[in-house]
Amino acid sequence: MPSGSWSSWTTAHPTPAALYAAFLPAEAKRIWDRLEFHHTPKQGSWLNAAEIELSILSRQCLDRRIPDQTTLRQEVEAWAARRNAAQATIAWQFTAADARRKLTKLYPPLDPAE
């Protein structure tokens, strides 16, 4: 039985200390050993970043017929290795001002007089 709750841990920073504060020691260690953390962008949506990466993969690597699954795996792994070695990043070009202009229904006006 946890000494805290999962929701109380997920709102904290993902550190072993936070996990141990939410669960009994044995359970905290069991969970921590199974976790794998991945960076998510502070700006923009992680889903947008994933979609952009898949689009780049499609254009740079999957723009031809690939004969079998083994070749596909090798091609994608080689592409990912090159992309990681180049430390490729995404240049966000959609600003908050763009969002306010294009998505007016989702963003309230900054100035109440608008």
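Read-outs throughout are calculated quantities, based only on the coordinates presented, and are distinct from any laboratory measurement. Just so we're clear, the structure is a prediction, and the values are computed from it rather than from any experiment. Here the Cβ positions follow ideal geometry from the backbone for every residue, glycine too, while neighbour counts run over all protein chains shown.
Summary table below
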| read-out | value |
| --- | --- |
| Protection-proxy order for peptides 54-66, 23-35, each taking the mean of Cβ atoms within 10 Å per residue, highest first | 23-35, 54-66 |
| Stretchable slack from L35 to R73, in nm (0.36 nm times residue separation minus alpha-carbon distance) | 11.2 nm |
| Estimated distance in nm for a label pair at R64 and E27, the labels positioned 7 Å out from Cα along Cα-to-Cβ | 5.4 nm |
| Karplus-derived 3J(HN,Hα), 6.51/-1.76/1.60, for each residue of the stretch 65-76, Hz, glycine and proline x | 6, 10, x, 7, 5, 5, 5, 4, 4, 5, 5, 5 |
